[in-house]
Amino acid sequence: MPGVTAVFAANDQMALGVLRALREAGRDVPGDVSLVGYDDIPEAEYVWPPLTTVRQDSGEAGRRALELLVARIEGRPRTGTLVALLPELVVRGSSGPPP
């Protein structure tokens, strides 16, 4: 792990586990290693250091998925429309410039 300078975890829960493992290994976040999670769980801003994360509008994703499911059940043809939900980077204290 000594050569690692950044970790992007698949979700915030995993990032919290990485944060603990880095501390146990004597690595400083963000001094030695920048850490970024995904999901922006409520706890992310209250851990130390506060977790940098990627926020996605999961409510909107759920609404869009439900619309597609209902259309499919009702037998409506596919529209071919691509829907892109843009995530937002929420910068907090767990990320910084490389050492």
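The values are calculated or read from the model by the stated rules, or taken from the named source; none is laboratory data. Keep in mind the model is a prediction, meaning the values are calculated, not measured. Cβ placement follows ideal geometry from the backbone for every residue including glycine, while neighbour counts extend to all protein chains displayed. Each accessible area value is taken on the protein alone, full model and side chains, heavy atoms only, with ligands, DNA and RNA left out. Shrake-Rupley method; radii C 1.70, N 1.55, O 1.52, S 1.80 Å.
Normalised by the residues of the chain, what does the relative contact order come to in percent, with Cα pairs under 8 Å and at least six apart? List each step's numbers first, then the result.
On the way: 141 pairs, mean separation 33.5, N = 99.
Reported as a whole number, the value is 34 percent.
Who wins for biggest fluctuation among Gly37, Gly59, Gly80 in a Gaussian network model of the chain, springs between alpha carbons below 10 Å?
Gly80
About the Cα centre of segment 51-99, how large is the charge dipole given +1 on each Lys and Arg Cβ and -1 on each Asp and Glu Cβ? Please answer in debye to the nearest 20. Don't skip to the end; give the middle numbers.
Numbers: 7 positive and 5 negative charges, 22 e Å.
With Lys and Arg at +1 and Asp and Glu at -1, about 100 debye.
So how far, in whole Å, is the C-alpha centre of segment 52-75 from the one of segment 17-32?
So the separation of the two Cα centres works out to 35 Å.
Could you work out the local net charge near Leu22, counting Lys and Arg as +1, Asp and Glu as -1, over the other residues with Cβ closer than 11 Å to its Cβ? Each step should come with its number before you reach the end.
On the way: positive: Arg20, Arg23, Arg27; negative: Glu24, Asp28, Asp32.
Local net charge: 0.
In Å², what does the accessible area per residue of the chain work out to with a 1.4 Å probe?
Ligands and nucleic acids excluded, the result is 69 Å² per residue.
Measuring from label point to label point, each 7 Å out along Cα→Cβ, what is the Val54 to Leu82 span in nm?
1.7
Please report the carbon-and-sulfur percent of the accessible area for the chain; probe 1.4 Å, protein heavy atoms only, DNA, RNA and ligands left out.
Values: 4080 of 6810 Å².
Ligands and nucleic acids excluded, carbon and sulfur give 60 percent.
If the only charges are +1 at each Lys and Arg Cβ and -1 at each Asp and Glu Cβ, what is the size of the charge dipole of the chain around the Cα centre, to the nearest 20 debye? Don't jump to the answer; show the numbers that get you there.
Values: 10 positive and 13 negative charges, 70 e Å.
Approximately 340 debye in magnitude.
Taking the chain as a Gaussian network, where each spring joins two C-alpha atoms under 10 Å apart, which residue of Val33, Val70, Val18 fluctuates the most?
Val70
Which semi-axes, in whole Å and largest first, does the equivalent ellipsoid of the chain have when worked out from the alpha carbon gyration tensor as the square roots of 5 times its eigenvalues? Could the numbers behind the result be given before it?
Working: eigenvalues 272, 30, 25 Å².
The answer is 37, 12, 11 Å, longest axis first.
Ala71 to Ala10: FRET efficiency via 1/(1 + (r/R0)^6), r the Cβ-Cβ distance, R0 41 Å, to the nearest 0.05?
Details: r = 30 Å, r/R0 = 0.73.
E between Ala71 and Ala10, to the nearest 0.05, is 0.85.
Can you give the net charge of the other residues whose Cβ lies under 13 Å from the Cβ of Val83, counting K and R as +1 and D and E as -1? Show your work: numbers first, answer last.
Details: positive: Arg63, Arg64, Arg78; negative: Asp57, Glu60, Glu67.
Its environment carries a net charge of 0.
Using a 10 angstrom cutoff on alpha carbons, build the Gaussian network for the chain and name the most mobile of Glu67, Glu45, Glu24.
Most flexible of the set in this elastic network: Glu67.
Can you tell me the Rg and the Dmax, both Å, for the Cα atoms in segment 1-48?
Radius of gyration, then largest Cα-Cα span, for segment 1-48: 10.2, 31 Å.
Taking the Cα centre of the chain as the origin and placing charges on Cβ (Lys, Arg +1; Asp, Glu -1), which of Ala6, Leu85, Gln56 is farthest toward the positive end of the dipole?
Leu85
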